[in-house]
Amino acid sequence: MSVRTQKKRFGALAVQIRERKNPLSDAQLDYLAEAFEKISLGCPPDIALALKYTTGRSKSKEISIENRALVIHWMYCAMQPTKEGGHGLDLDQAINAAMQLAEGEWLNPTNGDLISNRDGQGNINGLKSYTYATLEKMWYDSENQRFKTSNLSPLAVGSPYP
């Protein structure tokens, strides 16, 4: 599990405990008991709670995966039929749309709407800029198949959502 995903899970767990609306599940209690037991036996808390990067893992790798997840997820959703909330794009259109949105705005070819990807101060949000070839390669990469969904949970490994 990635450190950034683990931090999101701890954030969700903190909210659940603080709000006291839903009791912790048996799996959550078992996880916490095991982690606390490891800590009591001398294991460093960052290791017991999976908050330390291990060999081959890094924050920059996790951010790279999150960037890929965001663009693949966006493209997948944009390719869904309009009646299902998508834009009805084909792959070529979705790739071009992602490239344009990474630059700030995109003109939807299916309905002529101008979609802005800027915040109130004019800064570009979200999508990282990639070339057409890179996006096409990412689309067909089996490692990214898990991001081709309409419902990408914030707690899914690699999810770009907080």
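The values are calculated or read from the model by the stated rules, or taken from the named source; none is laboratory data. Here the structure is a predicted model, which means the values were calculated and not measured. Don't worry about glycine lacking a Cβ; one is built from the backbone with ideal geometry, like all the others, and counts go over all protein chains shown.
If I filter region 91-107 for residues that are of a type in the set (Asp, Glu) and surrounded by 13 or more Cβ atoms within 10 Å (Cβ to Cβ), do I get at least one hit? Walk me through how you get there before you give the answer.
Here is the first cut: in region 91-107, the ones of a type in the set (Asp, Glu) are 92, 103, 105.
Right, trim to surrounded by 13 or more Cβ atoms within 10 Å (Cβ to Cβ) and you get none.
No, there is no match, as no residue in region 91-107 is of a type in the set (Asp, Glu) and surrounded by 13 or more Cβ atoms within 10 Å (Cβ to Cβ).
Checking Arg68 against (1) in the same structural domain as Tyr130 (by TED's automatic domain parsing); (2) among the basic types (Lys, Arg); (3) more than 24 Å from the chain's Cα centre (by Cα), only one condition comes out false. Which one?
(3)
Go through Thr82, Thr54 for me and flag whichever is over 25 Å from Asp141 (Cα atoms), of a type outside the set (A, V, I, L, M) and not assigned by TED's automatic domain parsing to the domain that holds Arg9.
Values: Thr54 fails: over 25 Å from Asp141 (Cα atoms).
Of the residues listed, the single one that is over 25 Å from Asp141 (Cα atoms), of a type outside the set (A, V, I, L, M) and not assigned by TED's automatic domain parsing to the domain that holds Arg9 is Thr82.
Considering each of Glu37, Glu105, Glu62 in turn, give the residue that is in contact (Cβ under 8 Å) with a residue 24 or more places away in the chain and among the acidic types (Asp, Glu).
Details: Glu37 fails: in contact (Cβ under 8 Å) with a residue 24 or more places away in the chain; Glu105 fails: in contact (Cβ under 8 Å) with a residue 24 or more places away in the chain.
Matching residue, one of Glu37, Glu105, Glu62: Glu62.
Consider Gln80 against the criteria (1) farther than 24 Å from Lys8 by Cβ; (2) loosely packed, with under 13 Cβ neighbours inside 10 Å; (3) within 20 Å of the chain's Cα centre (by Cα): it satisfies all of them except one. Which criterion is unmet?
(2)
Does Ala33 meet the test of being surrounded by fewer than 13 Cβ atoms within 10 Å (Cβ to Cβ), more than 30 Å from Asn125 (Cα to Cα), under 24 Å from the mean Cα position of the chain (by Cα) and not hydroxyl-bearing (Ser, Thr, Tyr)?
no
Of the numbered conditions (1) under 24 Å from Glu62 (Cβ atoms); (2) modelled with pLDDT under 95; (3) in a helix (DSSP H, G or I), Gln100 fails exactly one; give the number of that condition.
Only one criterion in (1) under 24 Å from Glu62 (Cβ atoms); (2) modelled with pLDDT under 95; (3) in a helix (DSSP H, G or I) is unmet by Gln100, namely (1).
Does Arg9 satisfy being within 30 Å of Lys137 (Cβ to Cβ), touching a residue at least 60 places away in the same chain (Cβ under 8 Å), assigned to a helix (DSSP H, G or I) and not acidic (Asp, Glu)? Talk me through it step by step, then tell me what you get.
Numbers: within 30 Å of Lys137 (Cβ to Cβ): no; touching a residue at least 60 places away in the same chain (Cβ under 8 Å): yes; assigned to a helix (DSSP H, G or I): yes; not acidic (Asp, Glu): yes.
Judged against the criteria, Arg9 is not a match.
From Gly86, Gly42, Gly56, which residue is more than 18 Å from the chain's Cα centre (by Cα), assigned to a loop (DSSP other than H, G, I, E, B) and under 28 Å from Gly122 (Cβ atoms)?
Values: Gly42 fails: under 28 Å from Gly122 (Cβ atoms); Gly56 fails: under 28 Å from Gly122 (Cβ atoms).
Just a single option satisfies the conditions, and that option is Gly86.
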